[in-house]
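The values are calculated or read from the model by the stated rules, or taken from the named source; none is laboratory data. Nothing here was measured: the structure is a model prediction, and the numbers come from that model. Ideal geometry is used to build each Cβ from the backbone, glycine not excepted, and the neighbour counts take in all protein chains shown.
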């Protein structure tokens with residue numbers, strides 16, 4: 001048995017050394033170290049102070065409590081199912097997000113490349129496109145779904161409007177009939193309007209009548225544009241509005257910077273000549289001469305067109321007048337018969353309020369009309385009609401347009417399937433009907449509810465943050481609160497499209513024939529003009545928003561930052577960057593962040609998260625642009 005020895009003491013006391021002889025070992029220097037057994041020593045516990053004893057007991061109790069907690073949690077989590085989403089949709093979405101990253105790049109050095117580099121490498125620019133982004137992918141995905149819905153004529157449609165959408169699509173896909181008719185539908189329309197000097201005789205005394213008809217029935221805007229929209233100073237009422245318009249090229253700069261844009265102007269003129277010849281021009285040289293006159297007239301319009309940078313202050317360009325006063329601004333136009341035709345069957349008089357956004361332009365364009373030969377004015381008006389409607393004719397006209405696009409943007413519509421063009425056109429025209437089909441086929445109701453909750457959280461967080469903004473005075477704070485309360489959320493889809501009776505009311509006066517595509521388009525132009533006229537003087541219909549296009553089910557104010565695209569910068573309204581106000585300051589948050597945040601959520605709510613996301617936020621229905629406010633206080637944890 002091992003006995004623990006205890007150290008007694010070391011001393012230089014002589015008496016102790018004598019007493020210890022025989023019991024220990026005496027060292028030469030007189031120092032003796034004596035070892036005794038432990039039998040007479042006290043235990044460790046008895047040697048401890050009261051404080052040490054209490055602390056030791058407390059440590060033991062705490063250790064046992066901690067062990068019990070660990071064991072309890074272990075048993076609890078062993079029996080609880082995992083919160084991780086491991087469904088096929090979640091795994092697919094997670095994989096998509098991870099593959100979009102370029103993890104070889106430090107996010108602190110280049111966050112854009114870190115977030116989007118993988119996506120850009122895996123998505124090179126497709127032929128026929130000048131830009132490509134994440135929303136283009138979503139649109140491609142949705143187009144395939146809509147194609148199936150439009151071609152599935154054996155399914156039971158719940159409304160006649162949906163069947164009209166199918167017939168419209170069928171007429172667009174009927175290429176045999178379109179090629180057989182060639183330019184005949186447009187040539188007959190031109191003859192009905194009094195002729196075109198480029199292709200034959202024309203009515204020399206029909207300026208105001210032709211202007212009324214091409215604007216009222218066929219959605220063209222030569223000289224200026226006239227439309228119905230909410231009064232910006234009284235948003236509870238729709239009012240007639242007049243603005244500058246009339247250029248065939250996207251910007252006035254194309255006409256004014258002739259040296260820089262010589263290639264584009266030459267390509268545009270060749271396009272004009274080609275269309276004139278296809279519609280019956282007898283002599284190419286004579287056609288080119290008259291088309292050059294039209295191009296020169298458009299250049300004159302460009303010279304009096306107010307540049308956009310001078311139109312940013314709406315207080316400056318807003319002018320409310322009466323219909324009767326328009327004749328003083330632009331006496332070249334016979335305004336009352338013109339407005340009566342455009343907004344038929346609404347009855348108008350000279351006291352009807354009209355908002356003019358281009359007062360100086362309207363005065364100058366009137367002078368230009370009065371100083372221009374009537375033959376040229378007629379050629380220009382009919383050219384506007386030809387340019388707008390030629391894409392609905394046979395392949396020759398589309399080939400001509402493709403050459404112009406190649407000159408302007410450097411891209412070709414290489415082998416773009418006909419069905420994609422037809423799906424887009426059906427969506428542009430009968431979007432509510434097609435939207436009803438799309439929602440019923442792909443939309444999960446839970447997704448809409450979750451998105452509505454998220455928007456509510458954003459608005460609440462914004463309003464809470466207003467109280468803490470030191471730089472904002474009380475008057476501005478009150479106005480910001482009122483504006484936030486006035487935001488109208490347009491999430492998912494308007495409820496009426498799922499009510500067959502209500503949906504049929506919208507398209508009651510429109511008919512589509514499966515074999516006459518050009519006629520269907522022209523009838524839709526006429527129909528939509530009547531729908532717009534019906535909105536005059538009424539409060540804005542937020543669900544329909546003065547149109548039937550269903551392209552972006554939730555449209556967000558974009559800001560000009562970089563975006564996940566495979567090609568260059570794009571225009572302000574088409575970039576995929578969301579303008580957010582972060583604690584009162586503007587900031588850009590890339591749409592891929594929104595996609596990444598919402599996809600896991602939608603994956604749990606919908607069997608098809610891509611369709612649900614695009615239905616809520618991306619690729620359908622565009623009635624109203626809003627800026628979403630957000631603050632640092634917003635808690636996104638529920639998205640996990």
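Here is a yes/no grid of residues against (1) farther than 30 Å from residue 180 by Cα; (2) touching a residue at least 40 places away in the same chain (Cβ under 8 Å):
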| residue | (1), (2) |
| --- | --- |
| 464 | yes, yes |
| 474 | yes, no |
| 478 | yes, no |
| 481 | yes, no |
| 500 | yes, yes |
| 506 | yes, yes |
| 512 | no, yes |
| 521 | no, yes |
| 527 | no, no |
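When 328, 349, 270 are checked against the criterion of being closer than 30 Å to residue 536 by Cβ and in contact (Cβ under 8 Å) with a residue 24 or more places away in the chain, a single residue qualifies: 349.
Restricting the search to helices (runs of 4 or more DSSP H) fully inside the range 445-548 and requiring at least 1 residues that are in contact with a helix residue (DSSP H, G or I) (Cβ under 6 Å, 6 or more places away or on another chain) and farther than 30 Å from residue 171 by Cα gives 445-466, 474-486.
If the condition is being surrounded by fewer than 20 Cβ atoms within 10 Å (Cβ to Cβ) and assigned to a loop (DSSP other than H, G, I, E, B), then the range 184-213 contributes 194, 195, 197, 200, 201, 203, 204, 205, 206. A single member of 92, 99 is in a helix (DSSP H, G or I) and in contact (Cβ under 8 Å) with a residue 40 or more places away in the chain, and it is 92.
Only one of the numbered conditions (1) without any contact (Cβ under 8 Å) to a residue 24 or more places away in the chain; (2) touching a strand residue (DSSP E or B) at 6+ places or on another chain (Cβ under 7 Å) is not met by residue 258, and that is (2). Against the definition (modelled with pLDDT of 90 or more and not assigned by TED's automatic domain parsing to the domain that holds residue 200), how does residue 403 come out, yes or no? Here the answer is yes, as residue 403 does meet what is asked.
A single entry from 441, 486 fulfils the requirement of being without any contact (Cβ under 8 Å) to a residue 12 or more places away in the chain and more than 19 Å from the chain's Cα centre (by Cα): 486. Please go through the range 314-336 and pick out each residue that is assigned to a helix (DSSP H, G or I) and touching a helix residue (DSSP H, G or I) at 6+ places or on another chain (Cβ under 7 Å). Scanning the range 314-336 gives 323, 326, 327, 329, 335, 336. Here the condition is being part of a loop (DSSP other than H, G, I, E, B) and out of contact with any strand residue (DSSP E or B) (no Cβ under 6 Å at 6 or more places or on another chain); of 216, 282, it holds for 282 alone.
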